[in-house]
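The values are calculated or read from the model by the stated rules, or taken from the named source; none is laboratory data. The structure displayed is predicted, hence computed values, not measured ones. We place every Cβ from the backbone using ideal geometry, glycine too, and count neighbours over all the protein chains shown. Calculation scope for accessible area: heavy atoms of the full protein, side chains included, ligands and nucleic acids excluded. Shrake-Rupley method; radii C 1.70, N 1.55, O 1.52, S 1.80 Å.
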Amino acid sequence: MDISSAASQGRTVTPGTLITALLVPVVAVLGVLSSLHVDDIDMAWVHRQQAACRHMPFPKVEYVFAWAGPILGLSAMAVCLLLARWIRRRSGVRIWDTWPGLLAFVVALLNVVAILLELFMLWTTDTPDGSGSILGDCG
């Protein structure tokens, strides 16, 4: 084992690298949770309409959560890309040659599927419901 390569490997895992690498999974999970919360908001809105037996205005907070999902998902990808450039410039190694970088890289790969979910939830929020909301028996 070459001493210079061991020294450069130890030098690549700094507190800044670790924090940035851990930021990728945190932001990716927040994006998924935000997109999943859109469905909860929508169901609560439908139940409130049915309980009141009248149509109510669409909750604007649903748009906020629907847009936050893809923004957070793409932000996680951007942080991973910046981390890869930072590790490459600082140490001359690829992102998957360090354990924090490998963690960020794997999460970023999995995040591609999550971004598709987030974009779908955004699309369903912005698409009007063709059948309208069913209020039930309001007699």
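In the range 35-73, of all residues being polar (S, T, N, Q) and over 12 Å from the mean Cα position of the chain (by Cα), the one that is surrounded by the most Cβ atoms within 10 Å (Cβ to Cβ) corresponds to GLN49. All conditions in (1) out of contact with any Cys (no Cβ under 6 Å at 6 or more places or on another chain); (2) touching a residue at least 60 places away in the same chain (Cβ under 8 Å); (3) open to solvent by less than 50 Å² (accessible area, probe 1.4 Å) hold for ALA108, with the sole exception of (1). Within the range 96-105, being open to solvent by 70 Å² or more (accessible area, probe 1.4 Å) and either touching a residue at least 40 places away in the same chain (Cβ under 8 Å) or not in a helix (DSSP H, G or I) (or both) holds for one residue alone: TRP99. Filtering VAL93, VAL112 for residues that are over 26 Å from ARG48 (Cα atoms), modelled with pLDDT of 80 or more and part of a loop (DSSP other than H, G, I, E, B) leaves a single hit, VAL93.
Scanning the range 78-86 for any residue that is open to solvent by less than 60 Å² (accessible area, probe 1.4 Å) and of a type in the set (D, E, K, R) turns up nothing. Would you pick out the residues in the range 26-43 that are touching an Asp or Glu at 6+ places or on another chain (Cβ under 9 Å) and over 23 Å from LEU109 (Cα atoms)? Of everything in the range 26-43, those that are touching an Asp or Glu at 6+ places or on another chain (Cβ under 9 Å) and over 23 Å from LEU109 (Cα atoms) turn out to be VAL38, ILE41, ASP42. The residue list ARG54, ARG48 contains one member that is in a loop (DSSP other than H, G, I, E, B), among the basic types (Lys, Arg) and within 29 Å of CYS138 (Cβ to Cβ), which is ARG54.
Mind checking whether some residue in the range 115-124 is over 21 Å from THR20 (Cα atoms), part of a helix (DSSP H, G or I), at pLDDT below 90 and open to solvent by 50 Å² or more (accessible area, probe 1.4 Å)? Yes, the range 115-124 has at least one match.
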